[in-house]
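Worksheet: one structure, shown below.
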Amino acid sequence: MSIIAPEIEMVDRSTRSIRYLEHGWPNELCRWHAHEEYELHLITATRGKAFVGDYIGDFKAGDLFMTGPNLPHNWITDKVWTEPAPTRDMLVQFSHESVGKLAEGFPEFAQVLQLLQLAQSGILFEGFNPTFARGHMESIRDNKGAERILAFVRFLVRLNEHAEKKTLSAAKLIQPEGGSKQARIAEVVDFIVKNFSDVISVGQAADMARMTEITFSRNFQAVTGHSFVEFLNRIRIGEACGMLYASDDQIITISQMAGFKNLANFNRHFLKVKGMTPSEYRDTARKDLAPQMEPTS
């Protein structure tokens, strides 16, 4: 079992379709966990490290995130903050089913489903005005019944319109759906995810998608937002992240298991994708996410 296996949280939605929470820091809710619901999460105080799936990055007050179903997450305030924060987190949890049924009843709302698809990997809404974000959260908090739902829907629409959406976790990169070209690209994505450690060439992938290499490369970039090689490396790095913090295997062994035949190449791509070296990633993940051991006498 991984030393940082997430705690699974069960959310009771029997009497409400969305759940609003806010809490300070430190708090027992600040933990590495996952749940079936989507979560909109606004940081209102402190700064530190954000953990979303295999993503590790900095967060600061005003940052707004969205996480998808069963995507582990946690926000850990840096230890330079010695005074408790009365309110550090404002968050809303909701199900795919609720938004899906809304889109069924109101086709104009269906475009918001694209936002939920991105959230499978986790989203940071870069540059979203923190005052507006807090205002939306407060409106959801302060309203009841149908008015709360309207406030929530209004926030989702604004977020969907926001241009700067940064996806976070390589391990949760989603499979696109849609027309025939997208479906063929999705087949390739599925193959990559399942066979990431194998040697997979652009030519092989293009043959699988029944396209020429030029056409395949153009369509793959359009659908995934990455070139084929970039995407393959992101998947491999994502898999390596899991092995780094869940095992004591040597980094060279992990690099080979992830599909990199050259350690220097692995280190270079890892640094590019994660912003830190593999050893730094392992140290950071274990220090901040591993359960705190009681001192022994």
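The values are calculated or read from the model by the stated rules, or taken from the named source; none is laboratory data. Computed from a predicted structure; not experimentally measured. Ideal geometry is used to build each Cβ from the backbone, glycine not excepted, and the neighbour counts take in all protein chains shown.
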*Somewhere in the range 121-138, is a residue surrounded by 13 or more Cβ atoms within 10 Å (Cβ to Cβ) and at pLDDT below 90?*
no
_Of all residues being assigned to a helix (DSSP H, G or I) and touching a Phe, Trp or Tyr at 6+ places or on another chain (Cβ under 8 Å) in the range 260-275, which is surrounded by the most Cβ atoms within 10 Å (Cβ to Cβ)? Just the residue, please._
Phe270
*Considering each residue of the range 48-72, count those that are surrounded by fewer than 18 Cβ atoms within 10 Å (Cβ to Cβ) and free of Cβ contacts under 8 Å to residues at least 40 places away in the same chain, and give that number.*
3
*Restricting the first residue to the range 146-168 and requiring it to be more than 17 Å from Leu91 (Cα to Cα), which pairs with a second residue that is outside any helix (DSSP H, G or I) and of a type in the set (Gly, Ala, Ser) meet a Cβ separation below 6 Å and a spacing of at least six or different chains?*
Glu164/Gly127; Leu168/Gly122
*Of everything in the range 73-92 that's assigned to a loop (DSSP other than H, G, I, E, B) and not β-branched (Val, Ile, Thr), which residue is surrounded by the most Cβ atoms within 10 Å (Cβ to Cβ)?*
Trp81
*Selection from the range 62-86 of residues that are under 30 Å from Val112 (Cα atoms) and β-branched (Val, Ile, Thr)*: Thr67, Ile76
*Kindly list, by first and then second residue, each pair from a residue in the range 7-28 that is more than 15 Å from Ile140 (Cβ to Cβ) to a residue that is part of a loop (DSSP other than H, G, I, E, B) and at pLDDT below 85, limited to pairs with Cβ atoms under 8 Å and residues at least 6 apart or on different chains.*
Glu7/Arg31; Glu7/Trp32; His23/Leu29; His23/Cys30; Trp25/Trp81
*Please determine, by comparing only the residues of the range 185-198 that are modelled with pLDDT of 85 or more and part of a helix (DSSP H, G or I), which one is surrounded by the most Cβ atoms within 10 Å (Cβ to Cβ).*
Val188
*Go through the range 5-36 and count every residue that is hydrophobic (A, V, I, L, M, F, W, C), farther than 18 Å from Pro69 by Cα and at pLDDT below 65.*
0
*Within the range 77-115, can you find the residues that are without any contact (Cβ under 8 Å) to a residue 40 or more places away in the chain and basic (Lys, Arg)?*
Lys79, Lys101
